[in-house]
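Following: one structure in structure tokens, then a few remarks.
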Amino acid sequence: MSIMKKLKEYLNRPLSFAVFLLIIISTVITALTVVFIIGYIFIKGVPNLSLDLFSLKYSSSNQSMLPSIINTVYLTALTLLLSVPIGIFSAIYLAEYSRKNSFFVKIINIANETLSGIPSIVYGLFGFLAFVISKKWGYSLLAGVITLAIMVLPLIIRTSQEAMLGVDNTFREASYGLGAGKLRTVFKIVLPSAMPGILSGIILAIGRIVGETAALIYTAGTVPEAATKLTSSSRTISVHLYCLLNEGLYTEQAYATAVVLIVFVVIINALSNALAKKIMK
């Protein structure tokens, strides 16, 4: 259908045309906003990039972000290692084994939705009181990992549960008809079919972990050194950016760090998507 024919159809239906126009305007505004923000950061940050910012040791003269990048990789990997198995197995129980209308399942679903909307600063205060103070771990990578795992767990559970519930029941019935049991059906039929939705939830969790600051300031600390053990205090690249801006003396380095953070997030998302496509083949 040509553009002119579509335009005539919309003109004959003013309400549809108004909705279509609103969608176009919203899309353009969103795209321009994203381009403006990223462009502004790159214009301000790229000229301030230097090799000193990637030194292995941080000092007040170089403001190196490399230790923070290393800590971000550690924190992301450990948090996913802890939260993904728990989240997926919880989703399997809720979607496949529990009674759909039971009071217990309703309570868990309400709790998941509630916890997903809690500000990260609340998780940070909880982690500070529970792990830093009560457990006497101090500001440590371990305290940050467990706090972030608790924070992203509702997201992983909810997305995985919805992905499994979205699998057509005829797949399950066909598996049962061929003699497969419940467990085999879940791992051989349901999980592979739900994998795109599960991986989407994991990618969203990665984005939240990498961009988190408030929860980590109260749990992992702000020491600008690469963590050598789980009890070491450390800062991620997002916390590093916050600290540079908060000090007010290293604005240029903060813009350069923001550029690296954007590139870092893009690389992580690209690798996650590539891994997801490989798993789904």
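Of all residues in segment 112-122, how many are charged (D, E, K, R) and either surrounded by 13 or more Cβ atoms within 10 Å (Cβ to Cβ) or touching a Phe, Trp or Tyr at 6+ places or on another chain (Cβ under 8 Å) (or both)? Looking only at that region, the number is 0. Scanning segment 77-111 for residues being out of contact with any Ser or Thr (no Cβ under 9 Å at 6 or more places or on another chain), surrounded by 19 or more Cβ atoms within 10 Å (Cβ to Cβ) and among the small types (Gly, Ala, Ser) gives a total of 1.
For segment 218-228, the condition of being within 30 Å of VAL265 (Cβ to Cβ), outside any loop (DSSP other than H, G, I, E, B), touching a Ser or Thr at 6+ places or on another chain (Cβ under 7 Å) and modelled with pLDDT of 90 or more holds for none of the residues. Remark: pairs (first residue in segment 47-74, touching a residue at least 12 places away in the same chain (Cβ under 8 Å); second residue assigned to a loop (DSSP other than H, G, I, E, B) and acidic (Asp, Glu); Cβ separation under 7 Å; 6+ apart in sequence or on different chains) = TYR58/GLU225; PRO67/GLU225.
Look at (1) without any contact (Cβ under 8 Å) to a residue 40 or more places away in the chain; (2) within 20 Å of VAL46 (Cα to Cα); (3) not polar (S, T, N, Q) and you find that GLU247 fails only one, number (2). Could we say that THR228 is loosely packed, with under 14 Cβ neighbours inside 10 Å, at negative phi, assigned by TED's automatic domain parsing to the domain that holds SER68 and of a type outside the set (Asp, Glu) here? When the stated conditions are applied, THR228 passes them. Does segment 98-116 include one or more residues that are under 23 Å from ILE156 (Cβ atoms) and modelled with pLDDT of 90 or more? Looking through segment 98-116, none of the residues is under 23 Å from ILE156 (Cβ atoms) and modelled with pLDDT of 90 or more. Filtered by the rule that a residue be crowded, with 20+ Cβ neighbours inside 10 Å and either β-branched (Val, Ile, Thr) or farther than 21 Å from VAL210 by Cα (or both), segment 39-75 gives a lone residue, THR72. Just one residue in the set ILE29, ILE41 is in contact (Cβ under 8 Å) with a residue 40 or more places away in the chain and either among the aliphatic types (A, V, I, L, M) or farther than 11 Å from ALA226 by Cβ (or both); that residue is ILE41.
The values are calculated or read from the model by the stated rules, or taken from the named source; none is laboratory data. Everything numeric here is computed off the predicted structure, so don't read it as measured data. Here the Cβ is made from the backbone with ideal geometry for all residues, glycine too, and neighbour counts use every protein chain on show.
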